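Dropping a structure here in C-alpha coordinates format, bear with me for questions.
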Amino acid sequence: MSKVVLITGVGRRLGLVLSTRLLEQGWQVIGTYRTETPVIETLRNLGMEAYKVDFKIQQEVNDFIGKIKDRHARLDALIHNASDWLPESDTGRHFETIEYMMQVHVNAPYVMNLELSALLQASDGMADIIHVTDYVAEKGSQKHIAYAASKAALANMTLSFAQLLAPKVKVNAIAPALMLFNETDDNQYKVKARAKSILQREGGADEFIRAVEYLLASTYVTGRTLPLDGGRHIK
Ligand SMILES: NC(=O)C1=CN([C@@H]2O[C@H](COP(=O)(O)OP(=O)(O)OC[C@H]3O[C@@H](n4cnc5c(N)ncnc54)[C@H](OP(=O)(O)O)[C@@H]3O)[C@@H](O)[C@H]2O)C=CC1
Ligand SMILES: Nc1nc2c(c(=O)[nH]1)N=C([C@H](O)[C@@H](O)CO)CN2
(Lines give C-alpha, C1' and ligand atoms only; values in the text may rest on other atoms or scores of the structure.)
(Ligands and ions follow the chains in the order given, each with its own letter.)
Protein backbone atom coordinates (compact mmCIF):
# COMPACT_ATOMS: atom_id res chain seq x y z
CA MET A 1 0.00 0.00 0.00
CA SER A 2 1.50 3.40 -1.01
CA LYS A 3 2.58 5.80 1.69
CA VAL A 4 0.64 9.08 1.80
CA VAL A 5 2.41 12.44 2.05
CA LEU A 6 0.89 15.91 2.23
CA ILE A 7 3.23 18.62 0.90
CA THR A 8 2.34 22.32 0.99
CA GLY A 9 3.51 24.66 -1.77
CA VAL A 10 3.99 22.17 -4.64
CA GLY A 11 3.51 24.64 -7.50
CA ARG A 12 7.11 25.69 -8.04
CA ARG A 13 10.81 25.27 -7.18
CA LEU A 14 11.63 23.09 -4.17
CA GLY A 15 8.05 21.97 -3.49
CA LEU A 16 7.58 21.06 -7.15
CA VAL A 17 10.82 19.08 -7.40
CA LEU A 18 10.17 17.29 -4.10
CA SER A 19 6.56 16.35 -4.88
CA THR A 20 7.49 15.14 -8.36
CA ARG A 21 10.31 12.99 -6.95
CA LEU A 22 8.08 11.42 -4.31
CA LEU A 23 5.41 10.70 -6.95
CA GLU A 24 8.10 8.96 -9.03
CA GLN A 25 9.05 6.93 -5.94
CA GLY A 26 5.46 5.67 -5.61
CA TRP A 27 4.20 7.94 -2.83
CA GLN A 28 0.55 9.01 -2.89
CA VAL A 29 1.01 12.80 -2.86
CA ILE A 30 -1.49 15.36 -1.62
CA GLY A 31 -0.32 18.84 -2.57
CA THR A 32 -1.45 22.40 -1.90
CA TYR A 33 -0.90 25.31 -4.22
CA ARG A 34 -1.91 28.99 -4.20
CA THR A 35 -1.55 29.96 -7.85
CA GLU A 36 -3.33 28.05 -10.64
CA THR A 37 -0.73 27.31 -13.36
CA PRO A 38 -0.31 24.60 -16.04
CA VAL A 39 2.14 22.93 -13.65
CA ILE A 40 -0.77 21.94 -11.39
CA GLU A 41 -2.51 20.06 -14.22
CA THR A 42 0.76 18.29 -14.98
CA LEU A 43 1.01 17.23 -11.34
CA ARG A 44 -2.60 16.00 -11.39
CA ASN A 45 -1.80 13.96 -14.49
CA LEU A 46 1.07 12.40 -12.53
CA GLY A 47 -1.48 11.34 -9.90
CA MET A 48 -1.25 14.17 -7.37
CA GLU A 49 -4.34 15.10 -5.35
CA ALA A 50 -3.98 18.89 -5.57
CA TYR A 51 -5.86 21.52 -3.57
CA LYS A 52 -5.88 25.28 -4.07
CA VAL A 53 -5.33 26.79 -0.61
CA ASP A 54 -4.16 30.28 0.33
CA PHE A 55 -2.79 29.94 3.86
CA LYS A 56 -3.38 33.67 4.33
CA ILE A 57 -7.09 32.89 4.55
CA GLN A 58 -7.97 30.94 7.69
CA GLN A 59 -11.27 29.63 6.29
CA GLU A 60 -9.47 28.13 3.30
CA VAL A 61 -7.11 26.34 5.68
CA ASN A 62 -10.00 25.02 7.77
CA ASP A 63 -11.95 23.89 4.69
CA PHE A 64 -8.86 22.12 3.33
CA ILE A 65 -8.26 20.31 6.61
CA GLY A 66 -11.90 19.19 6.65
CA LYS A 67 -11.58 17.72 3.14
CA ILE A 68 -8.42 15.80 4.08
CA LYS A 69 -10.08 14.40 7.22
CA ASP A 70 -13.13 13.35 5.14
CA ARG A 71 -11.10 11.70 2.39
CA HIS A 72 -8.17 10.08 4.16
CA ALA A 73 -7.84 7.65 7.07
CA ARG A 74 -4.10 8.09 7.48
CA LEU A 75 -1.10 10.23 6.64
CA ASP A 76 2.49 8.98 6.69
CA ALA A 77 4.15 12.37 6.26
CA LEU A 78 3.25 16.05 6.43
CA ILE A 79 5.78 18.50 4.92
CA HIS A 80 5.29 22.23 5.55
CA ASN A 81 7.14 23.78 2.61
CA ALA A 82 4.79 26.65 1.63
CA SER A 83 6.31 30.03 2.32
CA ASP A 84 6.38 33.65 1.23
CA TRP A 85 9.76 35.41 1.49
CA LEU A 86 8.41 38.84 2.32
CA PRO A 87 10.76 41.74 3.13
CA GLU A 88 9.71 44.54 5.51
CA SER A 89 7.03 46.80 4.10
CA ASP A 90 8.24 50.07 2.57
CA THR A 91 4.76 51.53 2.96
CA GLY A 92 4.44 51.17 6.73
CA ARG A 93 2.12 48.16 6.52
CA HIS A 94 4.10 46.48 9.30
CA PHE A 95 1.20 44.79 11.12
CA GLU A 96 0.10 43.21 7.82
CA THR A 97 3.63 41.91 7.17
CA ILE A 98 4.17 40.25 10.56
CA GLU A 99 0.61 38.91 10.67
CA TYR A 100 0.96 37.40 7.20
CA MET A 101 4.35 35.83 7.92
CA MET A 102 3.03 34.29 11.13
CA GLN A 103 -0.14 33.11 9.39
CA VAL A 104 1.68 31.24 6.61
CA HIS A 105 4.73 29.96 8.52
CA VAL A 106 3.26 29.37 12.01
CA ASN A 107 -0.55 29.50 12.30
CA ALA A 108 -1.34 27.23 9.34
CA PRO A 109 1.30 24.58 10.19
CA TYR A 110 0.24 24.73 13.88
CA VAL A 111 -3.44 24.09 13.09
CA MET A 112 -2.67 21.45 10.45
CA ASN A 113 -0.35 19.55 12.83
CA LEU A 114 -2.99 19.51 15.58
CA GLU A 115 -5.95 18.73 13.32
CA LEU A 116 -4.15 16.06 11.27
CA SER A 117 -2.24 14.41 14.12
CA ALA A 118 -4.82 11.60 14.38
CA LEU A 119 -4.23 10.70 10.71
CA LEU A 120 -0.47 10.64 11.34
CA GLN A 121 -0.99 8.43 14.39
CA ALA A 122 -2.93 6.02 12.12
CA SER A 123 0.16 5.44 9.96
CA ASP A 124 1.28 1.79 9.76
CA GLY A 125 4.86 2.74 10.65
CA MET A 126 6.51 5.82 12.13
CA ALA A 127 5.03 8.98 10.60
CA ASP A 128 6.80 12.27 9.93
CA ILE A 129 6.22 15.98 10.14
CA ILE A 130 8.89 18.13 8.48
CA HIS A 131 8.94 21.91 8.96
CA VAL A 132 10.95 23.75 6.32
CA THR A 133 12.45 26.66 8.23
CA ASP A 134 15.50 28.74 7.25
CA TYR A 135 19.10 29.40 8.35
CA VAL A 136 17.98 32.91 9.36
CA ALA A 137 15.74 31.44 12.09
CA GLU A 138 18.95 31.20 14.16
CA LYS A 139 20.76 34.29 12.86
CA GLY A 140 18.02 36.79 12.06
CA SER A 141 17.78 38.93 8.96
CA GLN A 142 17.94 42.73 8.66
CA LYS A 143 15.77 42.79 5.53
CA HIS A 144 13.32 39.96 6.34
CA ILE A 145 12.71 40.45 10.08
CA ALA A 146 9.12 39.21 10.18
CA TYR A 147 9.95 36.30 7.87
CA ALA A 148 12.91 35.23 10.05
CA ALA A 149 10.87 35.57 13.25
CA SER A 150 8.10 33.39 11.84
CA LYS A 151 10.60 30.75 10.72
CA ALA A 152 12.10 30.82 14.23
CA ALA A 153 8.64 30.17 15.65
CA LEU A 154 8.20 27.29 13.21
CA ALA A 155 11.56 25.91 14.34
CA ASN A 156 10.43 26.10 17.98
CA MET A 157 7.23 24.21 17.16
CA THR A 158 9.45 21.34 15.99
CA LEU A 159 10.47 20.83 19.64
CA SER A 160 6.93 21.00 21.01
CA PHE A 161 5.30 18.75 18.42
CA ALA A 162 8.14 16.23 18.67
CA GLN A 163 7.40 15.85 22.39
CA LEU A 164 3.64 15.82 21.89
CA LEU A 165 3.50 13.25 19.08
CA ALA A 166 6.27 10.79 20.06
CA PRO A 167 6.78 7.87 19.77
CA LYS A 168 4.57 7.33 16.73
CA VAL A 169 5.35 10.55 14.89
CA LYS A 170 8.81 12.07 14.31
CA VAL A 171 8.88 15.86 13.98
CA ASN A 172 11.95 17.55 12.46
CA ALA A 173 12.92 20.66 10.54
CA ILE A 174 15.16 21.41 7.61
CA ALA A 175 16.88 24.83 7.73
CA PRO A 176 18.20 25.74 4.30
CA ALA A 177 20.41 28.72 3.61
CA LEU A 178 20.93 29.36 -0.11
CA MET A 179 19.33 26.50 -2.03
CA LEU A 180 18.00 28.05 -5.23
CA PHE A 181 18.38 31.51 -6.70
CA ASN A 182 15.32 33.36 -7.90
CA GLU A 183 14.91 34.38 -11.54
CA THR A 184 15.29 38.03 -10.55
CA ASP A 185 18.69 37.49 -8.87
CA ASP A 186 21.44 39.18 -10.93
CA ASN A 187 25.01 37.96 -11.16
CA GLN A 188 26.28 40.46 -8.60
CA TYR A 189 23.73 39.12 -6.08
CA LYS A 190 24.66 35.52 -6.89
CA VAL A 191 28.40 36.11 -6.34
CA LYS A 192 27.66 37.84 -3.01
CA ALA A 193 25.19 35.17 -1.89
CA ARG A 194 27.51 32.24 -2.72
CA ALA A 195 30.36 33.93 -0.81
CA LYS A 196 28.31 33.85 2.42
CA SER A 197 29.07 30.13 2.82
CA ILE A 198 32.54 28.59 3.09
CA LEU A 199 31.61 26.09 0.36
CA GLN A 200 30.81 29.15 -1.78
CA ARG A 201 27.88 27.64 -3.69
CA GLU A 202 24.12 27.17 -3.57
CA GLY A 203 22.81 23.87 -2.25
CA GLY A 204 20.48 22.95 -5.10
CA ALA A 205 17.16 21.07 -5.11
CA ASP A 206 18.73 17.59 -4.89
CA GLU A 207 20.42 18.53 -1.59
CA PHE A 208 17.01 19.48 -0.21
CA ILE A 209 15.41 16.25 -1.44
CA ARG A 210 18.22 14.15 0.08
CA ALA A 211 17.59 15.86 3.43
CA VAL A 212 13.87 15.07 3.23
CA GLU A 213 14.60 11.46 2.26
CA TYR A 214 17.04 11.10 5.16
CA LEU A 215 14.47 12.30 7.70
CA LEU A 216 11.70 10.12 6.21
CA ALA A 217 13.98 7.05 6.39
CA SER A 218 15.21 7.73 9.94
CA THR A 219 13.76 5.84 12.93
CA TYR A 220 15.80 7.64 15.61
CA VAL A 221 15.82 11.37 14.80
CA THR A 222 13.15 13.70 16.15
CA GLY A 223 12.98 17.23 17.49
CA ARG A 224 15.98 18.18 15.40
CA THR A 225 16.76 20.75 12.71
CA LEU A 226 18.86 19.60 9.77
CA PRO A 227 20.90 22.60 8.55
CA LEU A 228 21.71 22.93 4.85
CA ASP A 229 23.97 25.99 4.87
CA GLY A 230 27.30 25.27 3.12
CA GLY A 231 29.22 26.00 6.33
CA ARG A 232 27.80 29.51 6.61
CA HIS A 233 27.40 29.03 10.37
CA ILE A 234 31.18 28.86 10.89
CA LYS A 235 32.19 31.64 8.52
N1 LIG B 1 15.07 28.81 -2.10
C2 LIG B 1 15.97 28.98 -1.12
O3 LIG B 1 17.17 29.28 -1.36
C4 LIG B 1 15.53 28.83 0.30
C5 LIG B 1 14.27 28.32 0.62
N6 LIG B 1 13.92 28.19 1.94
C7 LIG B 1 12.62 27.60 2.28
O8 LIG B 1 12.40 26.42 1.49
C9 LIG B 1 11.00 26.33 1.12
C10 LIG B 1 10.87 26.26 -0.40
O11 LIG B 1 11.60 27.36 -0.94
P12 LIG B 1 11.28 27.87 -2.45
O13 LIG B 1 10.95 26.71 -3.30
O14 LIG B 1 12.38 28.79 -2.83
O15 LIG B 1 9.96 28.70 -2.18
P16 LIG B 1 9.14 29.64 -3.19
O17 LIG B 1 8.96 30.95 -2.50
O18 LIG B 1 9.73 29.62 -4.55
O19 LIG B 1 7.73 28.87 -3.26
C20 LIG B 1 7.00 28.73 -2.08
C21 LIG B 1 5.71 28.00 -2.36
O22 LIG B 1 4.83 28.37 -1.29
C23 LIG B 1 3.60 28.74 -1.83
N24 LIG B 1 3.00 29.84 -1.06
C25 LIG B 1 3.50 31.08 -0.87
N26 LIG B 1 2.63 31.83 -0.17
C27 LIG B 1 1.54 31.04 0.06
C28 LIG B 1 0.30 31.22 0.70
N29 LIG B 1 -0.05 32.40 1.22
N30 LIG B 1 -0.56 30.18 0.75
C31 LIG B 1 -0.26 28.99 0.19
N32 LIG B 1 0.90 28.74 -0.43
C33 LIG B 1 1.79 29.76 -0.50
C34 LIG B 1 3.81 29.18 -3.25
O35 LIG B 1 2.61 28.89 -3.95
P36 LIG B 1 2.27 29.30 -5.46
O37 LIG B 1 3.53 29.13 -6.24
O38 LIG B 1 1.19 28.33 -5.85
O39 LIG B 1 1.81 30.74 -5.41
C40 LIG B 1 5.02 28.37 -3.67
O41 LIG B 1 4.65 27.20 -4.34
C42 LIG B 1 10.33 27.56 1.74
O43 LIG B 1 9.78 27.22 2.99
C44 LIG B 1 11.48 28.54 1.93
O45 LIG B 1 11.23 29.48 2.97
C46 LIG B 1 14.75 28.59 2.96
C47 LIG B 1 15.97 29.12 2.69
C48 LIG B 1 16.47 29.23 1.34
N1 LIG C 1 9.68 31.20 0.41
C2 LIG C 1 10.97 31.46 0.13
N3 LIG C 1 11.86 31.59 1.14
C4 LIG C 1 13.15 31.88 0.83
C5 LIG C 1 13.57 32.06 -0.48
C6 LIG C 1 12.61 31.92 -1.51
O7 LIG C 1 12.92 32.05 -2.71
N8 LIG C 1 11.34 31.63 -1.16
N9 LIG C 1 14.86 32.36 -0.79
C10 LIG C 1 15.77 32.56 0.17
C11 LIG C 1 17.17 32.95 -0.27
O12 LIG C 1 17.75 31.94 -1.04
C13 LIG C 1 18.16 33.26 0.83
O14 LIG C 1 18.32 32.10 1.57
C15 LIG C 1 19.50 33.68 0.26
O16 LIG C 1 19.39 34.79 -0.53
C17 LIG C 1 15.42 32.45 1.60
N18 LIG C 1 14.05 32.04 1.81
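Which links in K139/K196; K143/K196; K3/K69; K3/K56 stretch past 18 Å when you go from one Cα to the other? Working shown, then result.
Working: K139/K196 13 Å; K143/K196 16 Å; K3/K69 16 Å; K3/K56 29 Å.
Over 18 Å Cα-Cα: K3/K56.
Now for a different question. Calculate for the chain the 222 nm mean residue ellipticity that helices alone would give, adding -39,500 (n - 2.57) per DSSP H run of length 4 or more and normalising by residue count, nearest 500 deg cm²/dmol.
Values: 9 runs with 103 residues, N = 235.
Computed mean residue ellipticity for the chain: -13500 deg cm²/dmol.
If DNA, RNA and ligands are ignored and the probe is 1.4 Å, what is the ranking of T8, T91 by accessible area, most exposed first? Mind showing how you got there, number by number?
Working: T8 5, T91 100 Å².
These residues rank, largest area first, as T91, T8.
In whole Hz, with x marking every Gly and Pro, tabulate ³J(HN,Hα) for segment 82-87 from phi via Karplus 6.51 cos²θ - 1.76 cosθ + 1.60, θ = phi - 60°.
The phi angles translate into 4, 6, 10, 8, 8, x Hz.
Let me ask another. Have a look at Y51, Y135, A153 and report the one farthest towards the positive end of the charge dipole of segment 4-234, computed about the Cα centre with Cβ charges (Lys/Arg +1, Asp/Glu -1).
Checked the options; the winner is Y135.
At a probe radius of 1.4 Å, what is the per-residue accessible area of F181, in Å² to the nearest 10?
Using a 1.4 Å probe on the heavy atoms, I get roughly 30 Å².
Can you give the extra length, in nm with one decimal, that the chain gains between N62 and L164 once fully stretched, where that is 0.36 nm per residue apart less the Cα-Cα distance? Each step should come with its number before you reach the end.
On the way: separation 102, 0.36 × 102 = 36.72 nm, distance 2.17 nm.
Roughly 34.6 nm would be gained on extension.
Quick one: pull the percent of accessible area on segment 20-178 belonging to carbon and sulfur, 1.4 Å probe, ligands and nucleic acids left out. Before the final figure, lay out each step's value.
Numbers: 3980 of 7490 Å².
Answer for segment 20-178 is 53 percent, counting heavy atoms of protein chains only.
Another one. Residues with amide H under 5 Å of L180's amide H, sequence separation 5 or more or different chain, H placed in the peptide plane at 1.01 Å from N; which?
Distant-sequence amide H within range of L180: G204.
To continue, here is another question. Among residues other than V4 whose Cβ falls under 11 Å from its Cβ, what is the net charge (Lys/Arg +1, Asp/Glu -1)?
On the way: positive: K3, R71, R74; negative: E49, D76, D124.
Result for the neighbourhood of V4: 0.
Still on this structure, please answer the following. For the chain, what are the DSSP H helices with axial Cα length of 24 Å or more and mean Kyte-Doolittle hydropathy of at least 0.0? Don't jump to the answer; show the numbers that get you there.
Details: long enough: 145-165 (30 Å, 1.07).
Long hydrophobic helices here: 145-165.
Less than 18 Å from a label point 7 Å out along the Cα-to-Cβ axis of H233: which backbone N atoms in segment 138-167 qualify, by residue?
Of the residues in segment 138-167, 138-141, 148-149, 151-160 have backbone N under 18 Å from the label point off H233.
Ranked from the most accessible area to the least, with a 1.4 Å probe and all protein chains present, what is the order of L178, L199, L78?
Numbers: L178 40, L199 115, L78 0 Å².
From most accessible down to least: L199, L178, L78.
Net charge around E138, counting only other residues with Cβ within less than 15 Å of its Cβ (Lys, Arg = +1; Asp, Glu = -1)? Intermediate values should be presented prior to the final figure.
Working: positive: K139, K151, K196, R224, R232, K235; negative: D134, D229.
Taking every other residue near E138 into account, the sum is +4.
OK, next. Quick one: 3J(HN,Hα) in Hz for segment 177-182, Karplus 6.51/-1.76/1.60 with θ = phi - 60°, rounded, Gly and Pro as x.
Using θ = phi - 60°, the values come out as 9, 7, 9, 9, 6, 9 Hz.
In a shell of Cβ-Cβ distance under 13 Å around K168, excluding K168 itself, what net charge do Lys and Arg (+1) and Asp and Glu (-1) give?
-1
Over the chain, average the accessible area per residue using a 1.4 Å probe and give it in Å², no decimals. Show your work: numbers first, answer last.
Details: 12120 Å² over 235 residues.
Using a 1.4 Å probe on heavy atoms only, each residue of the chain averages 52 Å².
The values are calculated or read from the model by the stated rules, or taken from the named source; none is laboratory data. Because the structure is a prediction, the values reported are computed rather than measured. Positions of Cβ are generated from backbone atoms using ideal geometry, with glycine treated the same way; all protein chains shown enter the neighbour counts. Quick note on the areas: whole protein, heavy atoms, side chains included, nothing else; ligands and nucleic acids left out. Shrake-Rupley method; radii C 1.70, N 1.55, O 1.52, S 1.80 Å.
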